[in-house]
Amino acid sequence: MDHFVYRGGTLHAEDVPVADIAATVGTPFYLYSRATLERHYGLFEEALAGTDHLICYAVKANSNLAVLKVLGDLGAGMDVVSAGEYLRAKAAGVPGERIVFSGVGKTREEMRIALSGGVRQFNVESEPELLALSEVAAGLGRTAQIAIRVNPDVDAKTHEKIATGKKENKFGIPIDRARAIYAEAAALPAIEVVGIDVHIGSQLTELEPFRQAYLKVRDLTWALRQDGHRIGRLDLGGGLGIPYTRANEAPPLPLDYGAMVKQVLGDLGCEIEIEPGRLIAGNAGLLVSGVIYVKSGEGRDFLILDAAMNDLIRPAMYGAHHDIVPVTEPEPGAPQHVYDIVGPVCETGDTFARGRPMPPVAAGDLVAFRSAGAYGAVMASEYNTRPLVPEVLVSGDHFAVIRPRPTFDDILARDTIPPWL
Ligand code: LLP
């Protein structure tokens with residue numbers, strides 16, 4: 001459920017007509033609903049109620065400071081994968097003790113920034129990284145609390161580009177080498193082992209792969225405890241999928257996920273951390289776009305939008321589906337028209353949907369991409385020198401621009417021509 005609904009014949013974000021925002025901000029723009037973000041976060045709190053836990057929102061899904069503040073104010077922790085994301089979490093007011101630092105290639109400089117500013121734990125992904133972290137922490141006179149990310153060799157049954165839990169993927173250490181590497185970690189200066197980390201992929205639409213991975217983590221917890229390690233935390237990663245098409249998708253609910261987690265791991269006496277991104281932000285956001293032209297081609301009609309692949313890369317990159325709806329509510333039983341829905345960028349990959357039936361729209365109309373709150377704005381670029389798309393947050397009956405559209409002067413001023421040219 002989200003807070004983007006038709007009311008009085010026009011799409012609203014909470015209590016604000018989307019068309020009113022478009023009139024103020026111009027198109028295209030990303031539009032987020034605070035109430036939806038809060039609701040989704042609440043679903044995980046409910047799912048893990050009764051366990052000692054911390055929900056560390058995966059900042060990579062949507063890293064706008066205002067979004068982080070909405071979640072941070074609810075008590076969320078943050079899962080970050082770069083110094084930039086770490087500094088965003090801090091700037092949004094999240095204390096270091098609620099920030100988990102993940103990622104396959106943390107640099108020494110990133111480790112220094114996080115250790116100096118305060119951090120809950122590093123999720124270490126390799127032996128060289130472990131050694132580097134020990135050196136950096138010792139150099140700063142601090143102790144780094146760590147979990148080691150294990151690769152459980154489980155098929156997440158998701159898109160190949162976002163599956164991370166098979167042994168051929170670059171992530172984590174092979175689970176059968178874990179005991180040796182934990183022993184190594186325990187012997188290093190300035191390192192304190194606190195737990196185990198696992199993350200098998202994103203947009204998972206079944207619980208079974210999670211369960212397989214968590215059963216392996218369960219066995220490993222016992223084994224490591226026998227080896228004398230204090231395993232007090234289990235970071236279970238993110239990855240729970242969302243429905244992208246309203247019609248026929250029913251991915252597992254957070255409540256079912258939570259029940260499974262409690263069933264598999266509940267008796268270990270560990271604090272549970274999870275790192276959901278998409279489920280919190282995905283359906284809390286729209287990308288609103290204007291129709292520039294409707295062009296009749298060979299046996300097909302193209303809907304040419306002012307949003308393009310640089311603004312929302314997911315269809316071009318993963319063949320992802322996003323529902324696209326008119327902002328003006330279609331009459332009940334209105335005829336459907338079939339369009340190829342495209343952006344203005346000069347490559348064929350700039351196609352959002354082919355042969356997509358939708359109510360007829362005309363040049364000047366507004367349309368909204370659903371499920372665009374996660375991995376939308378954060379993956380945008382200025383390809384074709386198209387200004388980075390702005391972001392807007394709605395709360396009840398008011399809205400604010402939370403990242404303005406850069407001007408062309410802003411964009412040009414970032415480049416410099418050397419004096420010798
Ligand atoms: N934790 C770690 C270590 C991750 O690598 C990820 C996502 C998450 C948590 C959050 O996963 P989520 O709950 O959002 O599924 N750009 C792609 C998705 C990439 C996901 C990368 N890692 C897309 O647009 O589908």
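The values are calculated or read from the model by the stated rules, or taken from the named source; none is laboratory data. This structure is a prediction, so every number in the text was calculated from the model and none was measured. In this analysis, Cβ positions are derived from the backbone assuming ideal geometry, glycine residues included, and neighbour counts consider all displayed protein chains. For accessibility, only protein heavy atoms count, side chains too; no ligands or nucleic acids. Shrake-Rupley method; radii C 1.70, N 1.55, O 1.52, S 1.80 Å.
Hey, can you tell me all the residues within the range 176-205 that are farther than 30 Å from Y244 by Cβ and open to solvent by less than 40 Å² (accessible area, probe 1.4 Å)? First the steps, then the outcome.
Of the residues in the range 176-205, the ones farther than 30 Å from Y244 by Cβ are 176-196.
Those that are farther than 30 Å from Y244 by Cβ and open to solvent by less than 40 Å² (accessible area, probe 1.4 Å): A178, I181, Y182, A185, L188, A190, I191, V193, V194, G195, I196.
Quick check on my filter: what residues within the range 149-203 are touching a helix residue (DSSP H, G or I) at 6+ places or on another chain (Cβ under 8 Å), free of Cβ contacts under 8 Å to residues at least 60 places away in the same chain and within 13 Å of the ligand (Cβ to nearest atom)?
Keep residues of the range 149-203 that are touching a helix residue (DSSP H, G or I) at 6+ places or on another chain (Cβ under 8 Å), which gives 150-157, 159, 161-162, 165, 173, 175, 178-179, 181-182, 184-185, 188-191, 193, 196, 198, 200-203.
Filter again for free of Cβ contacts under 8 Å to residues at least 60 places away in the same chain, leaving 151, 153, 155, 157, 165, 173, 175, 178-179, 181-182, 184, 188-190, 193, 196, 198, 200-201.
Hits for the range 149-203 are N151, G165, V198, I200, G201.
The set of residues in the range 393-421 that are of a type in the set (F, W, Y) and surrounded by 14 or more Cβ atoms within 10 Å (Cβ to Cβ) contains only F399. Of the residues making up the range 17-39, those that are under 18 Å from the mean Cα position of the chain (by Cα) and open to solvent by 10 Å² or more (accessible area, probe 1.4 Å) are R34, A35, E38, R39. If you go through the range 219-239 one residue at a time, do you hit one that is within 14 Å of the ligand (Cβ to nearest atom), more than 17 Å from I175 (Cβ to Cβ), in contact with a strand residue (DSSP E or B) (Cβ under 8 Å, 6 or more places away or on another chain) and of a type in the set (K, R)? Within the range 219-239, none of the residues are within 14 Å of the ligand (Cβ to nearest atom), more than 17 Å from I175 (Cβ to Cβ), in contact with a strand residue (DSSP E or B) (Cβ under 8 Å, 6 or more places away or on another chain) and of a type in the set (K, R).
Does any residue of the range 345-362 turn out to be out of contact with any helix residue (DSSP H, G or I) (no Cβ under 9 Å at 6 or more places or on another chain), surrounded by 12 or more Cβ atoms within 10 Å (Cβ to Cβ), touching a residue at least 24 places away in the same chain (Cβ under 8 Å) and β-branched (V, I, T)? Steps first, answer last, please.
Within the range 345-362, the first condition is being out of contact with any helix residue (DSSP H, G or I) (no Cβ under 9 Å at 6 or more places or on another chain), and the residues that meet it are 348, 354-362.
Subsequent filtering for residues that are surrounded by 12 or more Cβ atoms within 10 Å (Cβ to Cβ) retains 354, 356, 358-361.
Checking which are touching a residue at least 24 places away in the same chain (Cβ under 8 Å) leaves us with 356, 358-361.
Within this subset, residues satisfying the condition of being β-branched (V, I, T) are 361.
Yes, because at least one residue in the range 345-362 is out of contact with any helix residue (DSSP H, G or I) (no Cβ under 9 Å at 6 or more places or on another chain), surrounded by 12 or more Cβ atoms within 10 Å (Cβ to Cβ), touching a residue at least 24 places away in the same chain (Cβ under 8 Å) and β-branched (V, I, T).
Residue pairs, Cβ under 9 Å, 6 or more apart or interchain, first in the range 299-324 and aromatic (F, W, Y), second outside any strand (DSSP E or B) and modelled with pLDDT of 95 or more. List them. Every condition considered, the pairs that remain are Y318/Q203. Once the range 211-244 is narrowed to residues that are of a type outside the set (D, E) and assigned to a strand (DSSP E or B), the residue that is surrounded by the fewest Cβ atoms within 10 Å (Cβ to Cβ) is R233.
Residues that are in a helix (DSSP H, G or I) and under 23 Å from the mean Cα position of the chain (by Cα) within the range 159-194 comprise E160, K161, I162, listed in sequence order.
Given the criteria more than 16 Å from the ligand (Cβ to nearest atom), closer than 16 Å to G237 by Cα, surrounded by fewer than 21 Cβ atoms within 10 Å (Cβ to Cβ) and charged (D, E, K, R), does E208 qualify? If you could, list the steps in order and put the result at the bottom.
Values: more than 16 Å from the ligand (Cβ to nearest atom): yes; closer than 16 Å to G237 by Cα: yes; surrounded by fewer than 21 Cβ atoms within 10 Å (Cβ to Cβ): yes; charged (D, E, K, R): yes.
Against the criterion (more than 16 Å from the ligand (Cβ to nearest atom), closer than 16 Å to G237 by Cα, surrounded by fewer than 21 Cβ atoms within 10 Å (Cβ to Cβ) and charged (D, E, K, R)), E208 qualifies.
Looking across the range 297-312, the residues that are within 16 Å of P359 (Cα to Cα) and either outside the structural domain of R354 (by TED's automatic domain parsing) or open to solvent by 10 Å² or more (accessible area, probe 1.4 Å) (or both) come down to R300, D301, F302, I304. Scanning the range 44-83 for residues that are away from the ligand (no atom under 16 Å from the Cβ) and under 25 Å from G269 (Cβ atoms) returns E46, A49, G50, T51, D52, G75. The criterion of being over 30 Å from G258 (Cβ atoms), assigned to a loop (DSSP other than H, G, I, E, B) and not acidic (D, E) holds for P332.
Looking at A137, A92, which is the one that is more than 13 Å from the ligand (Cβ to nearest atom) and touching a residue at least 40 places away in the same chain (Cβ under 8 Å)?
Working: A92 fails: touching a residue at least 40 places away in the same chain (Cβ under 8 Å).
After applying the criteria, what remains is A137.
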